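These notes are about the structure you will find just below.
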Amino acid sequence: MTEHHEQHQAHEHCEHHEHHEHKDLHIFVNRRKFDRGDGVREEMTGAQIAALVGVPPENAVVREEEPQKREIGVSETVNIKNGEHFLVTRKVVEGGYVA
């Protein structure tokens, strides 16, 4: 019984590894790691990425850092790739306006 149980566990581990990318999807935002438990999905908007680091969409500037550097609009939907890096900064609000 014990031997069979160990074989079953090894098989589960192998299966888990094959589908690792889908089950444990994660991205990095401002060098912090976020995964499914934090709200990471296969498709996300710039606003959803900004929300991971607590930046409101109206003030957010979202950039993809890897694999290519580009800006992502807050309403733009992107296909998330496992291990992607994003940078979220706040727009500078001029004129002394306080949110």
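Descriptive notes on the structure:
- Members of segment 57-84 found to be among the hydroxyl-bearing types (Ser, Thr, Tyr) and either in a loop (DSSP other than H, G, I, E, B) or more than 16 Å from the chain's Cα centre (by Cα) (or both), listed by number: Ser75
- Contact annotation: residue pairs with Cβ atoms under 9 Å, 6 or more positions apart or on different chains, pairing a residue in segment 78-90 that is among the polar types (S, T, N, Q) and surrounded by fewer than 14 Cβ atoms within 10 Å (Cβ to Cβ) with a partner that is modelled with pLDDT of 95 or more and not in a strand (DSSP E or B), are Asn79/Glu42.
- Test: residue in segment 60-74 that is surrounded by fewer than 13 Cβ atoms within 10 Å (Cβ to Cβ) and either touching a helix residue (DSSP H, G or I) at 6+ places or on another chain (Cβ under 7 Å) or modelled with pLDDT of 95 or more (or both): yes
- Cβ-Cβ contacts under 6 Å between residues 6 or more apart (or on different chains), taken from a first residue in segment 58-76 that is within 18 Å of Arg31 (Cβ to Cβ) to a second residue that is loosely packed, with under 15 Cβ neighbours inside 10 Å, are listed as Val61/Thr89; Val61/Lys91; Arg63/Glu71; Glu64/Arg70.
- Enumeration of residues in segment 28-56 that are surrounded by 16 or more Cβ atoms within 10 Å (Cβ to Cβ), within 9 Å of the chain's Cα centre (by Cα) and in a loop (DSSP other than H, G, I, E, B): Val40
The values are calculated or read from the model by the stated rules, or taken from the named source; none is laboratory data. Bear in mind the structure is a predicted one, so any value in this text is a computation, not a measurement. So basically every Cβ, Gly included, is an ideal-geometry build from the backbone, and we count neighbours across all protein chains shown.
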